[in-house]
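The values are calculated or read from the model by the stated rules, or taken from the named source; none is laboratory data. Remember, predicted model here, so these are calculated numbers, not experimental data. FYI the Cβ positions are ideal-geometry reconstructions off the backbone, even for glycines, and counts take in every protein chain you see. Heads up: the accessible areas ignore ligands, DNA and RNA and are worked out on the full protein's heavy atoms, side chains in. Shrake-Rupley method; radii C 1.70, N 1.55, O 1.52, S 1.80 Å.
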Number of protein chains: 2
Amino acid sequence: MATLRVPNEVPSPAQDSETIHNAFRGWGTDEKAIIRVLGQRNENQRKRIRETYREKYGKDLIDALTAELSGDFMKAVILWTYDPAERDARSLNKALKEKKKRIEALKVIVEISVTTSPHHLIAVRKAYCSLYDLSLEEHIASSQPFPLAKLLVTLASSFRYDKDKTDEEVATIEAGMLREAITMKQLDHDHVLYILGTRSVYQLRETFAAYKKNYENTIDKDVGECPGDAELRSLLQMVILCIDYPEKHFAKVVRDSIEGFGTDEDALTRAIVTRAEIDLMKVRGEFYNMYNSSMDNAIIGDVSGDYKDFLITLLGSKI
Amino acid sequence: MATLRVPNEVPSPAQDSETIHNAFRGWGTDEKAIIRVLGQRNENQRKRIRETYREKYGKDLIDALTAELSGDFMKAVILWTYDPAERDARSLNKALKEKKKRIEALKVIVEISVTTSPHHLIAVRKAYCSLYDLSLEEHIASSQPFPLAKLLVTLASSFRYDKDKTDEEVATIEAGMLREAITMKQLDHDHVLYILGTRSVYQLRETFAAYKKNYENTIDKDVGECPGDAELRSLLQMVILCIDYPEKHFAKVVRDSIEGFGTDEDALTRAIVTRAEIDLMKVRGEFYNMYNSSMDNAIIGDVSGDYKDFLITLLGSKI
């Protein structure tokens, strides 16, 4: 359930390109026009606008937006304008190059690997090879420490079965294998990595349910209390959340990004831009359930200017 | 360099379908007609014949061939008629279910994962999910023992960078990492698995060359002499050969399949069918270099009947 609202009557890509081109002309830029056009077009429409813009004006729309806009607003509009596979490939590359907040950056790899569709993840890997002249998995394996690298390569290389078909017996057996690894304090056990990294999300949800039924605690809680490598533990907890309740994960990302002093605009932008066409309506609902407050109001209260206008447009409001 | 010979003038898919349909009519089957048609058509032409056959006669050509042909001839023609991604998905599934000659079967996984193109391997994984309602990697991880499963999942999940671009410094460093693991007698070391499983074949060839330069022996020889898990050692040696010299690997498969008493028809068929459109000419050359004898003569001397006629047709001879 998307929040993105596309008007009933949409101008042609040529008309949209012209509106954008005109917004760039003269002194200053008409940011509102950019928001009204790009912020109300779906993936395919944006793709056609970018193609048409290049044909008409001989320039990549991304370059034009980079030159004309600035700050978090620019970053958000550009992320939204990229083809989603290219967008995610770029986010992954940025994450792999991050030196300071390494574990936060690695969470982006988990997020993209686990919460997007198997076909999309393959498209991201193809885009990664084209953009960076190396494969996503070799970049992870050669730049990250083990066992984190092992987990991340397995997640990023997965092409999970995507139908809602599960096996109760497998769920019980594999819940037992996960339990055993946790009891032995071996979060880096191959069984943990390969069960979480290769099984379908539907099967894993059944496995987590079997875990809860047979061992009382949720697997998330037990992993959280397992001693050992804190970074691995934190990534594994995120894998479990992203599999079990992707909407809760994104509600948490939004909440974490605006809580306290300052805003983590990159995280906020990523959550809104990547989910606006997928399940942001459900994320909004989960946000309310989890924090007993409105996600939209919380965002509006924390950001400002064109950046705010762009985000609330993606959230389905008119500016 | 393929051995497959497609005639200059090829009948339409409708005409070819009719020839095949007529070959099935009356008492007995005209096997020679089947060989002349299917054995001289490329991948795309076979695909169109299969589609057209279904339209004209309301039956899958594979089912018709299964009903009309028999033995190794039938198995070879069917393998050749499948879409290559479907064909390899079926071979992989058969390999994963094999109980008796397990290690020989697992070599099929290595062969398909390492010697086919990254894009083809993705197509195989998609076909696998469609045919078997589970992903290739979850089938491997849940049915094979570790560390073999780890190696095989990594190989089968790879989407290697496929351009001829290498980094000499990386080659030297990673040759050192491989050497260290071998010296420590740890063939299941993560460095071994992830270097061999994620780097491009071009990069790995450079790494193997650096290994030879810096440590005298070839990496193949050092792995071969490393004590420990014999099955893992044998699979790793095959990975190295498939990366360094895929043609030598297939020459060896052909040779092993016909040497001694009896013939391993499944292996022979697989090698000829899967490489006839890719590099079987080079395989033939390597066979001569390695065994100082003609591959074609060796095959002809070992098989007979329609099966022989079909194989030599794929090898480029007229029957």
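Observations on the structure shown:
- The range B:104-123 residues that are under 14 Å from B:I243 (Cα atoms) and of a type in the set (G, A, S), paired with ones that are in a loop (DSSP other than H, G, I, E, B) and open to solvent by 30 Å² or more (accessible area, probe 1.4 Å) (beta carbon under 7 Å, 6 or more apart): B:S117/B:D162
Yes or no, residue by residue, for (1) surrounded by 19 or more Cβ atoms within 10 Å (Cβ to Cβ); (2) within 15 Å of A:A141 (Cα to Cα); (3) of a type in the set (K, R):
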residue: B:I140; (1), (2), (3): yes, no, no
residue: B:K150; (1), (2), (3): yes, yes, yes
residue: B:L155; (1), (2), (3): yes, yes, no
residue: B:F159; (1), (2), (3): yes, yes, no
residue: B:E169; (1), (2), (3): no, no, no
residue: B:I173; (1), (2), (3): no, yes, no
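- Test for B:E286: is it open to solvent by 10 Å² or more (accessible area, probe 1.4 Å), touching a Leu at 6+ places or on another chain (Cβ under 9 Å) and at pLDDT 95 or above: no
- Taking (1) in a helix (DSSP H, G or I); (2) of a type outside the set (S, T, Y); (3) closer than 30 Å to A:A76 by Cα; (4) open to solvent by 20 Å² or more (accessible area, probe 1.4 Å) in turn, A:G260 satisfies each apart from (1).
- Taking (1) closer than 30 Å to A:A181 by Cα; (2) open to solvent by less than 50 Å² (accessible area, probe 1.4 Å) in turn, A:I272 satisfies each apart from (1).
- Yes/no for B:G316 being at pLDDT below 95 and either open to solvent by less than 40 Å² (accessible area, probe 1.4 Å) or more than 29 Å from B:W80 (Cβ to Cβ) (or both): yes
- The C-beta contact set for the range B:71-95 (first residue under 17 Å from B:F24 (Cβ atoms), second residue open to solvent by 30 Å² or more (accessible area, probe 1.4 Å) and among the hydroxyl-bearing types (S, T, Y), distance under 8 angstrom, 6+ apart or interchain) comprises B:M74/B:T66; B:I78/B:T66.
Each row is one residue, and each column tells you yes or no for (1) crowded, with 20+ Cβ neighbours inside 10 Å; (2) out of contact with any Asp or Glu (no Cβ under 7 Å at 6 or more places or on another chain); (3) aromatic (F, W, Y).
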residue	(1), (2), (3)
B:R46	yes, yes, no
B:R54	no, no, no
B:T66	no, yes, no
B:A85	yes, yes, no
B:K94	no, yes, no
B:K99	no, yes, no
B:R102	no, yes, no
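- Single residue of A:L152, A:L121, A:L79 found to be in contact with a Leu (Cβ under 7 Å, 6 or more places away or on another chain) and not hydroxyl-bearing (S, T, Y): A:L152
- Unmet requirement for A:Y202, which otherwise passes all of (1) open to solvent by 40 Å² or more (accessible area, probe 1.4 Å); (2) closer than 30 Å to A:N44 by Cβ; (3) outside the structural domain of A:H191 (by TED's automatic domain parsing): (3)
- Members of the range A:229-257 that are part of a loop (DSSP other than H, G, I, E, B) and either modelled with pLDDT under 95 or crowded, with 20+ Cβ neighbours inside 10 Å (or both): A:D229
- Residues that are open to solvent by less than 70 Å² (accessible area, probe 1.4 Å) and farther than 19 Å from A:R5 by Cα, drawn from the range A:302-313: A:D302, A:V303, A:G305
- Listing of helices (runs of 4 or more DSSP H) fully contained in the range B:6-82 that carry 2 or more residues being closer than 22 Å to B:K308 by Cβ: B:13-24, B:31-38, B:61-68, B:71-81
- Residues within the range B:88-104 that are over 26 Å from A:K165 (Cβ atoms) and either part of a helix (DSSP H, G or I) or within 12 Å of chain A (Cβ to nearest Cβ) (or both), tallied: 3
- Yes/no for A:L121 being more than 21 Å from B:Q144 (Cβ to Cβ) and either within 12 Å of another protein chain (Cβ to nearest Cβ) or open to solvent by 60 Å² or more (accessible area, probe 1.4 Å) (or both): yes
- On the stretch given as the range B:139-148, residues that are without any contact (Cβ under 8 Å) to a residue 24 or more places away in the chain and either hydrophobic (A, V, I, L, M, F, W, C) or within 11 Å of B:S113 (Cβ to Cβ) (or both) total 2.
- B:Y161 of a type in the set (F, W, Y) and within 17 Å of A:S158 (Cα to Cα): yes
- Set side by side, the residues B:L131, B:L136, B:L151 differ, and just one is touching a residue at least 60 places away in the same chain (Cβ under 8 Å) and on the phi < 0 side of the Ramachandran plot, which is B:L151.
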